[in-house]
1. Failed condition for GLY194, given (1) small (Gly, Ala, Ser); (2) under 20 Å from the mean Cα position of the chain (by Cα); (3) at pLDDT 95 or above; (4) more than 19 Å from VAL250 (Cα to Cα), with all others met?
2. Quick one: is SER215 farther than 21 Å from GLY88 by Cα, open to solvent by 10 Å² or more (accessible area, probe 1.4 Å) and touching an Asp or Glu at 6+ places or on another chain (Cβ under 8 Å)?
3. Looking at (1) open to solvent by 60 Å² or more (accessible area, probe 1.4 Å); (2) within 15 Å of THR91 (Cβ to Cβ); (3) not in a helix (DSSP H, G or I), which is the one condition that is false for ARG121?
4. Of these, ASP268, ASP198, which one is within 21 Å of ASP55 (Cβ to Cβ), part of a loop (DSSP other than H, G, I, E, B), charged (D, E, K, R) and out of contact with any Leu (no Cβ under 8 Å at 6 or more places or on another chain)?
5. Sort out which residues of the range 183-200 are small (Gly, Ala, Ser) and open to solvent by less than 10 Å² (accessible area, probe 1.4 Å), and write them in order of number.
6. I'd like the full set of residues that are at pLDDT below 95 and of a type in the set (Val, Ile, Thr), limited to the range 161-191.
7. Within the range 203-215, can one find any residue that is in contact with a His (Cβ under 8 Å, 6 or more places away or on another chain), outside any loop (DSSP other than H, G, I, E, B) and not β-branched (Val, Ile, Thr)?
8. Go through (1) assigned to a helix (DSSP H, G or I); (2) open to solvent by 10 Å² or more (accessible area, probe 1.4 Å) and name the single condition PHE150 misses.
Amino acid sequence: MLRTAALALVVAAGATACGADRSGTPDIGTSPGQPGATASAGGHALTADQRRRADQLVSVFENGTPEIQYGYAENLHDGRGITAGRAGFTTGDGDALKVIRAYTRQVPGNPLARFVPALERQANEEADAGGLPEADYIAAWKQAAQDDRFRHVQDQQVDDRYYKPARDQADRLGLSTALARAELYDAAIQHGTGSDADALPALIERTTDKVGAPSKAGEKEWLDAFFDVRTDDLTHPKNPDTAQEWRDSVDRVGAVRRIARGGNYELDGPFTITAFGSRHTIR
């Protein structure tokens with residue numbers, strides 16, 4: 001779940017996806033928390049350092065810091081219940097439920113296990129945070145985040161549901177630069193990887209319809225067109241529930257575009273990124 005709207009308000013004074021399920025069919029992946037070179041059928045794997053920097057970029061956009069925020073939790077009052085964890089897992093649509101179920105399979109007596117029945121009711125009803133003891137849930141999430149096993153579960157969920165589907169799309173397109181792959185990964189986190197009109201596959205299709213495949217248009221030109229398509233979708237999303245929040249998030253794309261204009265297509269570090277009025281160093 002995107003939290004950039006709230007972050008933008010904080011910056012002014014001194015961040016995600018639409019639909020009930022942002023992910024496609026999960027598969028088995030590696031933990032971004034302890035990244036290694038990630039296998040890629042297309043032969044253009046991100047190195048361990050590139051993957052770490054991609055995760056740091058996502059963390060800047062999601063939480064306003066390059067440091068992964070496993071213990072973040074709050075109600076943004078955006079109709080999706082409580083948003084929590086490194087990728088903004090939400091309670092109102094079954095997103096957080098998947099994380100907690102995976103954790104509970106490993107640690108049955110964990111602090112979040114008792115919320116599973118309420119989360120199941122919320123997911124089935126697509127309700128907001130009603131019926132879930134909000135303060136207790138937030139406290140339990142923060143407590144669980146102190147457990148390495150829970151942090152690993154969050155890493156695995158991000159890898160399976162967002163990173164690997166984005167990687168597979170990049171392989172299919174023949175994208176070779178780390179920046180293009182990182183941009184698809186960030187779009188997967190925000191837009192989801194499902195079949196709706198705001199999801200990553202739809203953005204890719206519209207980009208290719210506009211300029212042709214990367215092999216025809218050139219990868220840098222295709223990526224620049226993808227920035228345009230994604231910006232247009234954030235400004236005019238098909239799902240009206242995301243409209244205001246996504247409009248406030250356009251600089252998420254602008255920040256990556258500025259990296260491209262600086263020529264750092266391989267995500268060499270360290271570099272400085274400016275997003276939503278704040279500067280961050282990615283190492």
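1. Against the list (1) small (Gly, Ala, Ser); (2) under 20 Å from the mean Cα position of the chain (by Cα); (3) at pLDDT 95 or above; (4) more than 19 Å from VAL250 (Cα to Cα), GLY194 comes up short only on (3).
2. no
3. (3)
4. Answer to the selection: ASP268.
5. ALA187, ALA188, GLY192, ALA199 - these are the residues of the range 183-200 that are small (Gly, Ala, Ser) and open to solvent by less than 10 Å² (accessible area, probe 1.4 Å).
6. Matches in the range 161-191: ILE189 only.
7. Going residue by residue through the range 203-215, those that are in contact with a His (Cβ under 8 Å, 6 or more places away or on another chain) are 203.
Imposing the further condition that a residue be outside any loop (DSSP other than H, G, I, E, B) reduces the set to 203.
Subsequent filtering for residues that are not β-branched (Val, Ile, Thr) retains 203.
Within the range 203-215, one or more residues are in contact with a His (Cβ under 8 Å, 6 or more places away or on another chain), outside any loop (DSSP other than H, G, I, E, B) and not β-branched (Val, Ile, Thr).
8. PHE150 satisfies all of (1) assigned to a helix (DSSP H, G or I); (2) open to solvent by 10 Å² or more (accessible area, probe 1.4 Å) except (2).
The values are calculated or read from the model by the stated rules, or taken from the named source; none is laboratory data. Owing to the predicted nature of the structure, the values given are computational and were not obtained by experimental measurement. Cβ: placed from backbone, ideal geometry, glycine included. Neighbour counts: every protein chain shown. These accessible areas exclude ligands, DNA and RNA; they are computed on the full protein's heavy atoms, side chains included. Shrake-Rupley method; radii C 1.70, N 1.55, O 1.52, S 1.80 Å.
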